[in-house]
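Worksheet for the structure shown next.
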Amino acid sequence: RIQRCPSCSLPSPHHHIQMVNVLATVAAIAAVSANFLPCSAFKGAPPMGTTRKVASVLSPLKPPVASTTADMPSRPMDTGAFIRIGDSTMARPAIVSASAVAAATEGDEFASTDGVAKMGEFSPLQTAVRVSVPLVAVLYLVDQQPLDGLTELVWSTIYNWGPAQLPLFEAVIASFGFFAPIAFFSCLHLVLGPERTMASRLDGKLPTRPFEWVELQNFHLWFNPLASYLGSIWIYHQFLHEKAPLPELAPTFGIFAFDLIFGVFLYDMCFFPIHWLMHKSSWGPLRRVHGYHHRSTNTLNSLETVQHSYIDGFLQVAVNIVVQQISLFGGFGHKHAMSRLFHNLVVTYLLSEAHSGYDLGWMSHRLFPEILGGAPRHEEHHHNGRVYYQQYFKYLDNFFGYTNDKEKGKKASQQQLPLHIPQISEQPPNRKSKLAVKVFK
């Protein structure tokens, strides 16, 4: 079989085959080691399948109860984290107040859920998924023909589909990548039933208004993100970067797989400092840009994935566009369209999963808890803006100390010092936004 490089179109042997083989070998060794060597992070964690006691959003020691801001206990807090937004299940505000930004960017204390992602044993399904990664790598090293042929078949089907030639095809696929998992997680409680749903939710409760976005009066919750995203991509292709025609040749499976994995890794790494700045910057407008995304005090629903300001969404899309131009094999601007398409599907799913509020055995943080934080970490980030700025992986948060354990250590040392909390009168609920602001002393 003649293999051709999607970048240089040279027949085999070409300059990519050896690199693919080396990277596949390294991946197989690393994945096998991760599956069969004990992980110290699992020590003392509950085994898979045991009943998990879900901590309350408001207190790590009490079971979930219906609470209001008036029921919150008083405790020492720093001056950047003493304001909390009230019931966010009402009408959503068009403008985020300064108090909402303060709560969103710093946040209130949230019961630790990072330990949910750690387990002492893996179920058969989880083990099968984990073992499949090194198994596929080994099979590809032994014989590249089957997987390269499958990749060529998939790309040929996409290429010969009429809509694939449209300039907005990749953007439409990315939009579908958001819509499908948002709809899936919104309906999941209907499949699981009340008891299994509450056992699978991070707060132990049923979802709060999971079909809010379906209601006619709330059409803006999905229309605004969709229209702004597709409109921006159209402007980008019309005036800044003309859409190149799709390549006729398919990538090899090795090039496709490594560009896909590398793209997800690179996007998560590049957005980390931007996300950190939107929380830690002393410049108010930048913090306010991200504040809208953190307005909900309930456990997250997947709809929150696309609920953010235009500038916030623009920064995420801009980072993704740059990352989509980078290939391990073809250089800048030569990443194959097939890798770009599946990259968009993977990142949109992982974002939706992180905002779902669920903790199920097939989710990313359960399958690969060594490297992926998933919904538990991102849930805690939405309630405590001082921790967990990575959207998918864990290594940067762990390295820089943006974890719940490090934050508890900081709070313990700060409680030994007197804190000056300014006296602010309680603000009555605004009828337009219906957000109650409560000051804690």
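No lab work stands behind these numbers, since they all come straight from the coordinates. Note that the structure is predicted; figures quoted are calculated from it, not measured. Quick reminder, even Gly has a Cβ in these numbers, built from the backbone with ideal geometry, and neighbours come from all protein chains shown.
Region 152-227 and region 119-140 have Cα centres spaced 27 Å apart. Applying a DSSP loop filter and a limit of 15 other Cβ atoms within 10 Å to the trypsin sites (Lys or Arg not before Pro) in region 324-394 leaves nothing. Amide hydrogen proximity for residue 394: with H placed 1.01 Å from N in the peptide plane, the residues at 5 or more positions away or on another chain lying under 5 Å are 373. Among the chymotrypsin sites (Phe, Trp or Tyr not before Pro) in region 197-273, those located in a DSSP loop and surrounded by at most 15 other Cβ atoms within 10 Å of their own Cβ are 211, 219.
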